[in-house]
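Read through the structure below, which is laid out as structure tokens, and then see the notes.
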Amino acid sequence: MNTEYLKITGDAAEDEHVIARAAEVIRRGGLVAIPTETVYGLAGSALLEDSAKKIYAAKGRPSDNPLIVHIALPEDAERIAYPGPLYRALAGRFMPGPLTVVLRKKACIPDTVTAGGDTVAVRCPSNPVAHRLIEVSGHPIAAPSANRSGIPSPTTAEHVLSDMNGRIDMILDGGPCEIGLESTVIRLDGDDACTILRPGAVTADMLGEVCRTVRISPAVIEPALADGIKPESPGMKYRHYAPRADLILVDAPHDAFVRYVRENASGRFGVLSANEDAGSFTGGMALLTGPRGDAKEAARRLFSLLRRADEAELETVYAELPPPDGETLAYYNRIIRAAGCRIVKPGESE
Ligand code: TXA
Ligand code: MG
């Protein structure tokens, strides 16, 4: 298949024409990679079973891991699910934006989209290209991250091209994604509580402005699910976001981390480090996460840096383990999975 690569230029008339063509591809059951504020999505109609099948095939994704359905307006959730007052309160505060809410699904959403489950994950993206495409196509849009299953999510259209060229109909290049990590996924528990199934830019504290109780699913923080525990969100159980390089997470104060890398790194290695540490690791490639303490910038760059490590054919990448809370929870959750949950603590026997 020939994959068309089209740029969003900022010229209103041209962009409207490009989006109209992409919407036509969606309506006839094809796949289009689109920018969102989080990561690039692989979009197909959420009303057509065949589109969902094509999405799983293009990604090489296990078909028991359900897709998120994207809508143009928060109130469009009514078309595909049964939203209640808590959904409306959360939507009023966080939509459009990087929040996905799991709701009981209506029959118009094929089982293939929800992997056979009776719930559907609903998200209303703020990216104007994504928004307009959903609006013009007239279809709710199923869109997982547009990477091949298992590797880091794409945050630029070039990343998508390298994963999906020849496998999908079209790629819309809307520039790099603002947030860089996928949306926060929550389940609603009754009238005023929710559980975070996947952390993202909408943090537990922010959700606490609307929900009386905010729980965090243990699988978000724990490196691996114990055998026999059924994951609440199927995406939790797979190895994810992983570069080909060996990613080694070091759980230590900053000075001990620097010492550990200096003493142990050899071969073709890289270090995920703040700009201030660019010169600290001679012989290694500095993969710069931005100014120290800038959690948003580090999130924006993480997947792109993991891909760059592979382009540079690094054998090993070292990274500091961030605290599993607040603004760094999403980064923590992605990086422990990218590392296959291997964490070293210098000083402890290895
Ligand atoms: O930011 C995002 O959410 C991006 C962009 C493209 O919108 N999409 C995305 O989709 O990350 P995907 O398919 O890569 O991840 C969807 C996650 C998975 O962890 C999946 O298990 C979970 O959402 N999920 C989907 N439907 C669910 C459901 N009905 N119940 C529980 N978890 C669900
Ligand atoms: Mg994904």
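The values are calculated or read from the model by the stated rules, or taken from the named source; none is laboratory data. If you're wondering where the values come from, they're calculated on a predicted model, not measured in any experiment. Glycine also receives a Cβ, built like all others from the backbone with ideal geometry; neighbour counts cover every protein chain displayed. Note: accessible area is taken over every heavy atom of the protein model, side chains too, but ligands, DNA and RNA are not part of it. Shrake-Rupley method; radii C 1.70, N 1.55, O 1.52, S 1.80 Å.
If you take the residues in the stretch 42-65 that are among the hydrophobic types (A, V, I, L, M, F, W, C) and in a loop (DSSP other than H, G, I, E, B), which one is surrounded by the most Cβ atoms within 10 Å (Cβ to Cβ)? Full working, then the answer.
Initially, the stretch 42-65 is screened for residues among the hydrophobic types (A, V, I, L, M, F, W, C), giving 42-43, 46-48, 52, 55, 57-58.
Adding the requirement that they be in a loop (DSSP other than H, G, I, E, B) leaves 46-48.
Numbers: ALA46: 31, LEU47: 22, LEU48: 20.
Out of the qualifying residues, it is ALA46.
Return yes when LEU31 is buried (at least 19 other Cβ atoms within 10 Å of the Cβ), assigned by TED's automatic domain parsing to the domain that holds SER183 and touching a Gly at 6+ places or on another chain (Cβ under 7 Å) and no when it is not. Let's see the steps before the verdict.
Details: buried (at least 19 other Cβ atoms within 10 Å of the Cβ): yes; assigned by TED's automatic domain parsing to the domain that holds SER183: yes; touching a Gly at 6+ places or on another chain (Cβ under 7 Å): yes.
It is true that LEU31 is buried (at least 19 other Cβ atoms within 10 Å of the Cβ), assigned by TED's automatic domain parsing to the domain that holds SER183 and touching a Gly at 6+ places or on another chain (Cβ under 7 Å).
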**Message:** Suppose we keep only residues that are more than 10 Å from ligand 1 (Cβ to nearest atom) and either open to solvent by 20 Å² or more (accessible area, probe 1.4 Å) or not assigned by TED's automatic domain parsing to the domain that holds ASP173 (or both) within the stretch 117-142. Which one would you say is nearest to the chain's Cα centre (by Cα)?
**Reply:** SER126
**Asked** Among the residues of the stretch 260-281, which ones are open to solvent by 60 Å² or more (accessible area, probe 1.4 Å) and not polar (S, T, N, Q)?
**Response** ARG262, GLU263, ARG268, GLU276, GLY279
**Asked** If you scan the stretch 282-306, which residues turn out to be surrounded by fewer than 21 Cβ atoms within 10 Å (Cβ to Cβ), touching a helix residue (DSSP H, G or I) at 6+ places or on another chain (Cβ under 6 Å) and not in a strand (DSSP E or B)?
**Response** GLY290, PRO291, ARG292, ALA295
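Results for (1) in the same structural domain as ALA330 (by TED's automatic domain parsing); (2) of a type in the set (D, E, K, R); (3) in contact with a strand residue (DSSP E or B) (Cβ under 9 Å, 6 or more places away or on another chain); (4) buried (at least 24 other Cβ atoms within 10 Å of the Cβ), shown as yes or no for each residue.
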residue	(1), (2), (3), (4)
LEU161	no, no, yes, no
ASN165	no, no, yes, no
ASP173	no, yes, yes, no
SER183	no, no, yes, yes
LEU188	no, no, yes, no
**Asked** Would you say ALA193 is closer than 24 Å to ALA81 by Cβ and not acidic (Asp, Glu)?
**Response** yes
**Request:** With a cut-off of at least 1 residues that are more than 23 Å from TYR40 (Cα to Cα), name the strands (runs of 3 or more DSSP E) lying wholly within the stretch 66-131.
**Result:** 99-104, 119-123
